[in-house]
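Engineer: I am attaching a structure below and will ask some questions about it afterwards.
The values are calculated or read from the model by the stated rules, or taken from the named source; none is laboratory data. All of these numbers come straight from a predicted model, not from anything done at the bench. So basically every Cβ, Gly included, is an ideal-geometry build from the backbone, and we count neighbours across all protein chains shown.
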Amino acid sequence: MINVDDLLDYTSFTVDREAHIVLDPAHCAACSHRYCTTTCPARCYAWSEKDRKMSFVHDGCLECGTCYAVCDSHAFARWRYPRGGFGVSYRMT
Amino acid sequence: MKRSFEAIVVGAGPAGATAALTLARAGVDVALVERGAHPGEKNMFGGVLHRMPALERVFPDFWDRAPLQRHLVKKVLTFMTPGRSLNLEYETESFDRAPYNGYTVFRPHFDRWLAGEAARAGATLLTRCTVEGVVREGGKVAGITVLRGAGELRAPVVIAADGVLSFTAASAGLRRPRFDPGQLGLGVKALLELPKEVIDDRFGLVRDQGASREFVGSSSGVRGGGFLYTNYDSLSAGMVLHLDSLRRSGRTPYDLFNAFLAQPQVAKLVRGARLLEYSAHLIPEGGYRMMPELCGDGILVAGDAAAFCYAKGPNLEGINLAAQSGACAAEAVLEARQAGDWSARRLAGYRRRLEATFVLQDLRTFHRAGELLEIDRLYGDYPELICDFMDRMYRIDGAPKQSLLKMGLAMARKKVGTANLVRDGWTTWSTI
């Protein structure tokens, strides 16, 4: 029923051009578990084994805090909430 | 824009808005700072707003004023295995009249209303302001900095009510810099549209009566559970997953959630519904053990930011604790204002006030309840055992029956073992 690929079709976002979360890719390459890739409820994180690279897309971030809590690799060069007025915009929920 | 106030409240959720409302009504020049375009825009929860004693004191006709969906008359706890379930249903007519015991609400509507009440009482509501951290002066908190644009705002006292991650409390050095995933839950939720009449039929409701349904054993072995709450013409369906258990499982929250929705007992309740919104948030489940320092010089912490959440008992409570803590924080600020002293020692009246209410009393009473939820058998073996027992009790197949108690004990021994039974029984007894 929930397909996170279609997330932007039913949850509203005011996307900022600038990402509120910035990764330091070297830390992700060295990480032993990459819990962010499975625990993020919006699937914002994807690890490419071929390129040995973590990609993060901030567009559909629900600002839930999961990645901030599960990452123990100090991979965030920046982790903050989007600046005022940007990011997820719940209408009902 | 005005840059200095008598008090600043960070976060216009239930804790912050209640604090700002209380302060504004007492004539304090208070700013209520919110990062959303409007209060509630960033806020989600399962869906049940329990009775709000702190707000009923301010609004004796709370249930006529607040934007509520349905009032809850029916609570159902379900032990579930794929294809089988036992429901414990409690329904009381006394929950069907004011003062109601709980409601379903939409946060973007409810939080906006409450913050609006604070603004009407005289608080300065500043939206679209993401707070970066606190400003210090002579070792004391003296204000906040806002990301881009607004810059610095000054006040002799700040109430950090900016949610579970509280970067305000972190920058004031009141919470630990790292979180323990063992003390956090992840809530995921879908808002599902269904006609009111269909909801009334499926859940056995009339007028604006509501039902809350919680499910144990529905999370594919991951610690956690599912829920279904009735709004007026939609359902809040979701799961709360223990973050440490989730990460170790390697499963994704949406796959577990889809598996929950696909179980036949749940599927027939949500059949035909249209997905309106999907949301997620962390929950500070650690309670008493996770609490930060509640006050420092010129700062207090309230609501989720202070881990005032209690997801371990028979009810999943948070907003009622948040609002109560916001009111207590405001009262402590009023006391400090009278004395003209914003030191941590003077503001410690906040903790004394919390101790006198259900907030800290409940958190303390159930401070070990987490140990109960760490019993993995709760999410698989026990629901199966319960359903096996019910099956044997009700099944008519020509085989002779056994005495129920004897049969139950024998089944329990076989399924989980005597030692585990005794251990889990003791944990249950000593934690809740």
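Engineer: Looking at B:R202, B:R176, B:R207, which one is closer than 24 Å to B:E374 by Cα and among the charged types (D, E, K, R)? Show your work before the answer.
Structural biologist: On the way: B:R202 fails: closer than 24 Å to B:E374 by Cα; B:R207 fails: closer than 24 Å to B:E374 by Cα.
The conditions single out B:R176.
Engineer: Now, a different point. Quick one: B:A412 ticks every box in (1) under 25 Å from B:G225 (Cα atoms); (2) surrounded by fewer than 17 Cβ atoms within 10 Å (Cβ to Cβ); (3) at pLDDT 90 or above bar one, so which box is it?
Structural biologist: (2)
Engineer: Just to be sure, is B:G370 crowded, with 16+ Cβ neighbours inside 10 Å, closer than 30 Å to B:L243 by Cβ and in contact (Cβ under 8 Å) with a residue 12 or more places away in the chain? Talk me through it step by step, then tell me what you get.
Structural biologist: Details: crowded, with 16+ Cβ neighbours inside 10 Å: yes; closer than 30 Å to B:L243 by Cβ: yes; in contact (Cβ under 8 Å) with a residue 12 or more places away in the chain: yes.
So B:G370 passes the test.
Engineer: Out of curiosity, is B:G40 of a type outside the set (V, I, T), crowded, with 20+ Cβ neighbours inside 10 Å and touching a Gly at 6+ places or on another chain (Cβ under 7 Å)? Give the steps one after another, and end with the answer.
Structural biologist: On the way: of a type outside the set (V, I, T): yes; crowded, with 20+ Cβ neighbours inside 10 Å: yes; touching a Gly at 6+ places or on another chain (Cβ under 7 Å): no.
Against the criterion (of a type outside the set (V, I, T), crowded, with 20+ Cβ neighbours inside 10 Å and touching a Gly at 6+ places or on another chain (Cβ under 7 Å)), B:G40 does not qualify.
Engineer: Across region A:73-89, what is the total count of residues that are over 11 Å from A:C61 (Cα atoms), part of a strand (DSSP E or B) and within 11 Å of another protein chain (Cβ to nearest Cβ)?
Structural biologist: Selection size over region A:73-89: 1.
Engineer: Taking the condition on the phi > 0 side of the Ramachandran plot and within 13 Å of chain A (Cβ to nearest Cβ), does B:G221 pass? Steps first, please.
Structural biologist: Values: on the phi > 0 side of the Ramachandran plot: yes; within 13 Å of chain A (Cβ to nearest Cβ): no.
No; evaluated as a whole, the condition is false for this residue.
Engineer: Return the residue satisfying two criteria in turn: it lies in region A:9-45 and is touching an Asp or Glu at 6+ places or on another chain (Cβ under 7 Å) and touching a residue at least 40 places away in the same chain (Cβ under 8 Å), and of such residues it is farthest from B:D244 (Cα to Cα).
Structural biologist: Applying the first criterion (touching an Asp or Glu at 6+ places or on another chain (Cβ under 7 Å)) to region A:9-45 yields A:10-11, A:13, A:15.
So of that shortlist, the ones also touching a residue at least 40 places away in the same chain (Cβ under 8 Å) come out as A:11, A:13, A:15.
Working: A:T11: 26, A:F13: 28, A:V15: 30 Å.
Once the filter is applied, the top-ranked residue is A:V15.
Engineer: Let me ask something else about it. Please go through region B:361-376 and give me each residue that is modelled with pLDDT under 90 and in a helix (DSSP H, G or I), ordered by number.
Structural biologist: Initial filter on region B:361-376 (modelled with pLDDT under 90): B:362-376.
Those that are modelled with pLDDT under 90 and in a helix (DSSP H, G or I): B:D362, B:L363, B:R364, B:T365, B:A369, B:G370, B:E371, B:L372, B:L373, B:D376.
Engineer: Just to check your reading of the model, which residue among A:D5, A:D16 is assigned to a loop (DSSP other than H, G, I, E, B), within 12 Å of chain B (Cβ to nearest Cβ) and either among the acidic types (D, E) or out of contact with any helix residue (DSSP H, G or I) (no Cβ under 7 Å at 6 or more places or on another chain) (or both)?
Structural biologist: On the way: A:D5 fails: assigned to a loop (DSSP other than H, G, I, E, B).
Answer to the check: A:D16.
Engineer: Just to be sure before I move on: is B:D424 surrounded by fewer than 16 Cβ atoms within 10 Å (Cβ to Cβ) and either at pLDDT below 90 or outside the structural domain of B:G217 (by TED's automatic domain parsing) (or both) in the structure I sent?
Structural biologist: Working: surrounded by fewer than 16 Cβ atoms within 10 Å (Cβ to Cβ): no; either at pLDDT below 90 or outside the structural domain of B:G217 (by TED's automatic domain parsing) (or both): yes.
For B:D424, the condition - surrounded by fewer than 16 Cβ atoms within 10 Å (Cβ to Cβ) and either at pLDDT below 90 or outside the structural domain of B:G217 (by TED's automatic domain parsing) (or both) - is not met.
Engineer: Test B:L72 against the stated conditions and say whether it is under 26 Å from B:K196 (Cα atoms) and aliphatic (A, V, I, L, M).
Structural biologist: Numbers: under 26 Å from B:K196 (Cα atoms): yes; aliphatic (A, V, I, L, M): yes.
So B:L72 fits the description; yes.
Engineer: How many residues, within region A:52-72, are away from chain B (no Cβ under 11 Å), within 10 Å of the chain's Cα centre (by Cα) and in contact (Cβ under 8 Å) with a residue 12 or more places away in the chain?
Structural biologist: Within region A:52-72, the subset away from chain B (no Cβ under 11 Å) is A:52-59.
Of the ones still in play, those that are also within 10 Å of the chain's Cα centre (by Cα) are A:55-59.
Narrowing further to those that are in contact (Cβ under 8 Å) with a residue 12 or more places away in the chain: A:56-59.
Total satisfying the criteria: 4.
Engineer: Still on this model: With respect to the numbered conditions (1) at the interface with chain A (Cβ under 10 Å from one of its Cβ atoms); (2) within 20 Å of the chain's Cα centre (by Cα), which one is the sole condition not fulfilled by B:R251?
Structural biologist: (2)
Engineer: Let me ask something additional. Need a quick list: strands (runs of 3 or more DSSP E) entirely within region B:33-135 having at least 3 residues that are more than 21 Å from A:G84 (Cα to Cα), in contact (Cβ under 8 Å) with a residue 60 or more places away in the chain and of a type outside the set (S, T, N, Q). If you could, list the steps in order and put the result at the bottom.
Structural biologist: Numbers: elements: B:48-50, B:71-81, B:84-91, B:102-104, B:124-126.
Because the criterion is at least 3 residues that are more than 21 Å from A:G84 (Cα to Cα), in contact (Cβ under 8 Å) with a residue 60 or more places away in the chain and of a type outside the set (S, T, N, Q), the strands (runs of 3 or more DSSP E) in region B:33-135 that meet it are B:48-50, B:71-81.
Engineer: Then there is this: Just to check your reading of the model, which residue among B:L294, B:L316, B:L282, B:L241 is at pLDDT 95 or above and more than 10 Å from every other protein chain (Cβ to nearest Cβ)?
Structural biologist: Numbers: B:L316 fails: at pLDDT 95 or above; B:L282 fails: more than 10 Å from every other protein chain (Cβ to nearest Cβ); B:L241 fails: more than 10 Å from every other protein chain (Cβ to nearest Cβ).
It is B:L294.
Engineer: Another question, if that's okay. Please work out which one of (1) within 14 Å of chain A (Cβ to nearest Cβ); (2) surrounded by 17 or more Cβ atoms within 10 Å (Cβ to Cβ); (3) of a type outside the set (K, R) is the condition B:D233 fails and give its number.
Structural biologist: Here B:D233 meets the rest and fails (2).
Engineer: Using beta carbons and a limit of 6 Å, which pairs, at least six apart or on different chains, have the first residue in region B:182-203 and within 21 Å of A:A42 (Cα to Cα) and the second one in a helix (DSSP H, G or I) and among the small types (G, A, S)?
Structural biologist: B:L184/A:A69
Engineer: Here are B:F227, B:F179: which of them is within 14 Å of chain A (Cβ to nearest Cβ) and within 30 Å of B:G143 (Cβ to Cβ)?
Structural biologist: Values: B:F227 fails: within 30 Å of B:G143 (Cβ to Cβ).
Selected residue: B:F179, the only one of B:F227, B:F179 that is within 14 Å of chain A (Cβ to nearest Cβ) and within 30 Å of B:G143 (Cβ to Cβ).
Listed here are the residues, each with its yes/no results for (1) under 21 Å from B:P67 (Cα atoms); (2) outside the structural domain of B:V28 (by TED's automatic domain parsing); (3) in contact with a helix residue (DSSP H, G or I) (Cβ under 7 Å, 6 or more places away or on another chain).
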position: B:A115; (1), (2), (3): yes, no, yes
position: B:A121; (1), (2), (3): yes, no, yes
position: B:E132; (1), (2), (3): no, no, no
position: B:L147; (1), (2), (3): no, no, no
position: B:G151; (1), (2), (3): no, no, no
position: B:A155; (1), (2), (3): no, no, no
position: B:G163; (1), (2), (3): no, no, yes
position: B:A170; (1), (2), (3): no, no, no
